[in-house]
Amino acid sequence: MNDLLCLGVETSCDETAAAVLRQDGRLLGSVVASQIDLHEAFGGVVPEVAARRHLERIGPVVQEALAEAGSRYRDLGLVAVTRGPGLAGALMVGLSWAKAFAFARDLPLVGVNHVVAHAHAAYLEAEPAYPDLALVASGGHTDLLLLEGPTKVQVLGRSRDDAAGEAFDKVARTLGLGYPGGPAIESLAREGDPAKAPLPRVGMFPGSLDFSFSGLKTAAQSLRRQGLAAADIAAAFQAAVFDQLWVRASLALRQTGCRRLIFSGGVSANGYLRQRFAHALAREGLGLLVPPMRHTTDNAAMIARLGLSMYEAGHRSPWDMGAEPVIHPFKP
Ligand code: KG4
Ligand code: ZN
């Protein structure tokens with residue numbers, strides 16, 4: 001047994017993605033069709049344009065993932081789909097497609113939380129060890145999550161303003177770099193000296209593990225206006241982002257007694273941040289668990305991973321499940 005095949009579907013933002021994951025944990029196929037070219041000219045994702053492109057791409061992307069897996073439609077035993085958070089129109093495309101497909105083929109359907117799925121991307125190559133502490137840093141979210149099970153998640157801290165990835169994108173725009181800003185800042189920062197661009201450190205909110213990134217973005221903009229070199233600002237910005245993430249994550253590790261940190265979401269693709277986390281954690285005898293690089297940014301393998309775990313825990317979603325652009329209070 002353990003040969004059930006789960007189709008994962010993801011359309012919450014600007015990637016149309018599908019994946020086929022076998023119940024024994026083997027990822028058979030994972031396809032991500034990026035829309036970056038489409039949104040580049042606007043300097044960010046245009047929701048209506050994203051939804052229309054998802055509609056064109058969803059069918060072919062699923063077919064591609066099945067071809068990569070060497071599977072046919074009739075081999076599938078479960079459909080997992082992102083139900084939120086994300087852009088309403090974009091979510092609706094994937095959700096409607098998944099519902100129609102599952103209904104027509106008489107397959108069980110599981111709707112999953114995109115942010116919780118980012119954390120579960122780490123379980124594509126490692127076993128869960130609930131309770132696990134996860135720091136999900138993406139374009140839309142910066143959340144410290146205590147994962148107690150696939151559907152039991154506590155939010156220990158979250159950003160009160162911009163998400164970390166959003167700050168990367170906005171600072172990149174200030175520095176005249178393209179979209180998405182994360183990779184551009186990472187490569188420019190390699191030529192910079194963080195000591196030459198003093199950025200403020202963001203203090204803790206009393207009694208809370210919440211984050212704040214908008215002040216950092218404003219400070220970077222003002223350094224740029226003062227004529228400081230873009231590479232130095234990029235390097236200083238990355239260092240300041242790390243410091244803020246680390247202060248909160250290390251405190252959460254101490255408070256929860258967890259022995260390792262899952263670092264996931266688009267921002268965890270950043271090599272500098274990964275390295276700083278690895279060193280800082282190793283110094284305290286703790287471990288770092290990151291998803292495979294290609295599954296740090298939006299993908300459907302993580303949706304299938306969480307969907308399968310939820311299915312195994314007995315979870316099934318009703319046919320009238322709706323898209324939830326903002327899932328609050330936090331629900332897996
Ligand atoms: O997880 P993701 O693909 O989508 C959301 O759910 O938001 O994350 C996208 C975010 C963007 O803000 C992008 O700039 C950031 O992840 N990102 C990075 C890197 N690669 C992508 N940030 C820092 N360094 C990177 N190398
Ligand atoms: Zn995401």
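Quick look at the values:
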read-out	value
Unmet criterion (only one of (1) away from ligand 2 (no atom under 16 Å from the Cβ); (2) crowded, with 24+ Cβ neighbours inside 10 Å) for Val136	(1)
Pair list, Cβ under 7 Å, 6 or more apart: segment 301-327 residue of a type in the set (A, V, I, L, M, F, W, C), other residue exposed (fewer than 13 other Cβ atoms within 10 Å of the Cβ)	Trp319/Phe103
Residue in segment 146-161 that is in contact with a Gly (Cβ under 6 Å, 6 or more places away or on another chain) and modelled with pLDDT under 95 present	no
Scan of segment 54-76 for residues that are surrounded by fewer than 19 Cβ atoms within 10 Å (Cβ to Cβ) and in a helix (DSSP H, G or I), ordered by number	Leu55, Glu56, Gly59, Pro60, Gln63, Glu64, Ala67, Glu68, Tyr73, Arg74, Asp75
Any chance Val290 is within 14 Å of ligand 2 (Cβ to nearest atom), in contact with a strand residue (DSSP E or B) (Cβ under 7 Å, 6 or more places away or on another chain) and among the β-branched types (Val, Ile, Thr)	no
Helices (runs of 4 or more DSSP H) contained entirely in segment 190-295, each with at least 3 residues that are touching a Lys or Arg at 6+ places or on another chain (Cβ under 8 Å) and in the same structural domain as Leu145 (by TED's automatic domain parsing)	230-256
Conditions (1) surrounded by fewer than 22 Cβ atoms within 10 Å (Cβ to Cβ); (2) more than 13 Å from ligand 1 (Cβ to nearest atom); (3) not assigned by TED's automatic domain parsing to the domain that holds Ala219: number failed by Val93	(1)
Failed item, numbered, when His141 is tested on (1) assigned by TED's automatic domain parsing to the domain that holds Ser268; (2) in contact with a Phe, Trp or Tyr (Cβ under 7 Å, 6 or more places away or on another chain); (3) over 18 Å from Arg294 (Cα atoms)	(2)
From the options Ala219, Ala184, residue that is away from ligand 1 (no atom under 16 Å from the Cβ) and surrounded by 17 or more Cβ atoms within 10 Å (Cβ to Cβ)	Ala219
Members of segment 96-114 found to be among the aromatic types (Phe, Trp, Tyr) and crowded, with 16+ Cβ neighbours inside 10 Å, listed by number	Trp97, Phe101
Residue match in segment 316-332 (condition: within 16 Å of ligand 2 (Cβ to nearest atom), modelled with pLDDT under 95, touching a Ser or Thr at 6+ places or on another chain (Cβ under 7 Å) and farther than 24 Å from Ala189 by Cβ)	yes
Failed criterion for Ala219 (all others in (1) touching a residue at least 40 places away in the same chain (Cβ under 8 Å); (2) among the hydrophobic types (A, V, I, L, M, F, W, C); (3) more than 18 Å from Tyr272 (Cβ to Cβ) hold)	(1)
Residues located in segment 247-300, provided they are on the phi > 0 side of the Ramachandran plot and surrounded by 15 or more Cβ atoms within 10 Å (Cβ to Cβ)	Gly265
Hey, Ala117 more than 23 Å from Ala313 (Cα to Cα), among the hydrophobic types (A, V, I, L, M, F, W, C), touching a helix residue (DSSP H, G or I) at 6+ places or on another chain (Cβ under 9 Å) and buried (at least 22 other Cβ atoms within 10 Å of the Cβ) or not	no
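Rundown of residues vs (1) within 16 Å of ligand 1 (Cβ to nearest atom); (2) not in a strand (DSSP E or B), yes/no style:
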position: Phe101; (1), (2): no, yes
position: Tyr130; (1), (2): no, yes
position: Leu147; (1), (2): no, no
position: Gln154; (1), (2): no, no
position: Glu166; (1), (2): yes, yes
position: Arg173; (1), (2): yes, yes
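Every residue, every condition in (1) under 22 Å from the mean Cα position of the chain (by Cα); (2) under 17 Å from Ser159 (Cβ atoms); (3) within 16 Å of ligand 2 (Cβ to nearest atom), yes or no:
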{"site": "Gly178", "(1), (2), (3)": "yes, no, no"}
{"site": "Pro183", "(1), (2), (3)": "yes, no, yes"}
{"site": "Leu188", "(1), (2), (3)": "no, no, no"}
{"site": "Pro194", "(1), (2), (3)": "no, no, no"}
{"site": "Ala197", "(1), (2), (3)": "no, no, no"}
{"site": "Val202", "(1), (2), (3)": "no, yes, no"}
{"site": "Phe205", "(1), (2), (3)": "no, yes, no"}
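The values are calculated or read from the model by the stated rules, or taken from the named source; none is laboratory data. Remember, predicted model here, so these are calculated numbers, not experimental data. Please note: Cβ atoms are built from the backbone with ideal geometry, for glycine as well, and neighbour counts cover all protein chains shown.
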